[in-house]
Amino acid sequence: MQEQHIVETAVGHLKVQVLGQGQPVVLWHSLFVDDRSWKRLVPLIQGGRQLLIVTGPGHGNSTDPGRRYSSEECADAAITILDELGVQRPVDWVGNAWGGHVGVLAATRHPSRVRTLVMLGSPIAALSPLERARTYLLLGLYRASGPSPAVVNGTSKVLLSPRTRAGDAEAVDLVHDCLRRADRRMLRNAITSVSLHRTDLSDPLRHVAQPTLIITGADHHGFTPAQAQEATRLLPSGGVAIVPDAAYLVPLEVPATTAQLVADFWAAEDAATVSERRPTVQ
């Protein structure tokens, strides 16, 4: 099965691509890129799953609400999508950076709708003063000149690891194309809403009851391996994995490694679910 929907939500009309059948999985991408950033991972995790690939507000073919919005509103919008598409089973959530933030909030605000959570390169803390200053600089450059070489190359340097930038032209081109195609007003609004106004997720993370896997790239300076380890300690039920040669865009940079980690995590949860359902022999 392959379908495409545009779902009206409080944060805009969001594009949702539905692939396959089976246990539902929500995929929500990172800021600055769109649903195409999943293209390498999708064929590796699709078997026996129904993938709901959401394009977040202000990205790709999705609109935004024409005002500032929050990740809490995005989490509620994801539930609107599930309701609109008739998905009642709890979903396995896979979120990259921004998508991980939305996943934490979906899991805590709507716990019955999320079965497991995978966070890929999703910083937990709010922006540091240095990160905030750099983001304001990027926003100013983008406002003045749009997707200029300085903006495109500077953003790619943050999102992608040195190895990806040096040896994976396809990944670099995809990031550049996402930035060049983006609606300038909506992307500026997304940067302001999602990045500059990002809140610390430490407390929500403590209340995530679902099994959770945190994955980050070894070259992710915004969410280092040490920070990922520390975030995992906040979770009631969580694990962590560090992957080499990746930064923010883990599923684009190292899709095979990401797919294996996710598949193993899901398999462990499936086995635990079966064990819980199996009657006890007296």
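The values are calculated or read from the model by the stated rules, or taken from the named source; none is laboratory data. Remember, it's a predicted structure, so these values are computed and weren't measured experimentally. FYI the Cβ positions are ideal-geometry reconstructions off the backbone, even for glycines, and counts take in every protein chain you see. Heavy atoms of the whole protein, side chains included, go into the accessibility calculation; ligands, DNA and RNA do not. Shrake-Rupley method; radii C 1.70, N 1.55, O 1.52, S 1.80 Å.
Which one is modelled with the highest pLDDT among residues in region 218-241 that are part of a loop (DSSP other than H, G, I, E, B) and hydroxyl-bearing (S, T, Y)?
Here the residue is T224.
Could you check T192 against (1) within 18 Å of the chain's Cα centre (by Cα); (2) in a helix (DSSP H, G or I); (3) crowded, with 18+ Cβ neighbours inside 10 Å and say which number it fails?
Unmet for T192, out of (1) within 18 Å of the chain's Cα centre (by Cα); (2) in a helix (DSSP H, G or I); (3) crowded, with 18+ Cβ neighbours inside 10 Å: (3).
So which residues in region 147-158 are part of a loop (DSSP other than H, G, I, E, B) and either surrounded by 18 or more Cβ atoms within 10 Å (Cβ to Cβ) or among the aliphatic types (A, V, I, L, M) (or both), if there are any at all?
The one that is part of a loop (DSSP other than H, G, I, E, B) and either surrounded by 18 or more Cβ atoms within 10 Å (Cβ to Cβ) or among the aliphatic types (A, V, I, L, M) (or both): P147.
Any idea how many residues of region 68-92 are without any contact (Cβ under 8 Å) to a residue 12 or more places away in the chain and either charged (D, E, K, R) or closer than 16 Å to M1 by Cβ (or both)?
Result for region 68-92: 2.
How do the pairs read when you match residues in region 134-148 that are under 16 Å from C178 (Cα atoms) and of a type in the set (G, A, S) with residues anywhere that are in a helix (DSSP H, G or I) and open to solvent by 30 Å² or more (accessible area, probe 1.4 Å), using Cβ under 9 Å and keeping only pairs 6 or more apart or on different chains?
From residues that are under 16 Å from C178 (Cα atoms) and of a type in the set (G, A, S), the pairs are G146/R180; G146/R184; S148/L141.
Between a residue in region 1-28 that is free of Cβ contacts under 8 Å to residues at least 24 places away in the same chain and any residue that is open to solvent by 10 Å² or more (accessible area, probe 1.4 Å) and of a type in the set (S, T, N, Q), which pairs come within a Cβ distance under 7 Å, given they are 6 or more apart or on different chains?
Q4/Q17
Restricting attention to region 199-207, does a residue exist that is over 13 Å from I124 (Cβ atoms) and either assigned to a loop (DSSP other than H, G, I, E, B) or touching a residue at least 40 places away in the same chain (Cβ under 8 Å) (or both)?
yes
Taking region 1-20 only, how many residues are assigned to a loop (DSSP other than H, G, I, E, B) and either at pLDDT 95 or above or among the charged types (D, E, K, R) (or both)?
Summing the residues that are assigned to a loop (DSSP other than H, G, I, E, B) and either at pLDDT 95 or above or among the charged types (D, E, K, R) (or both) in region 1-20 gives 3.
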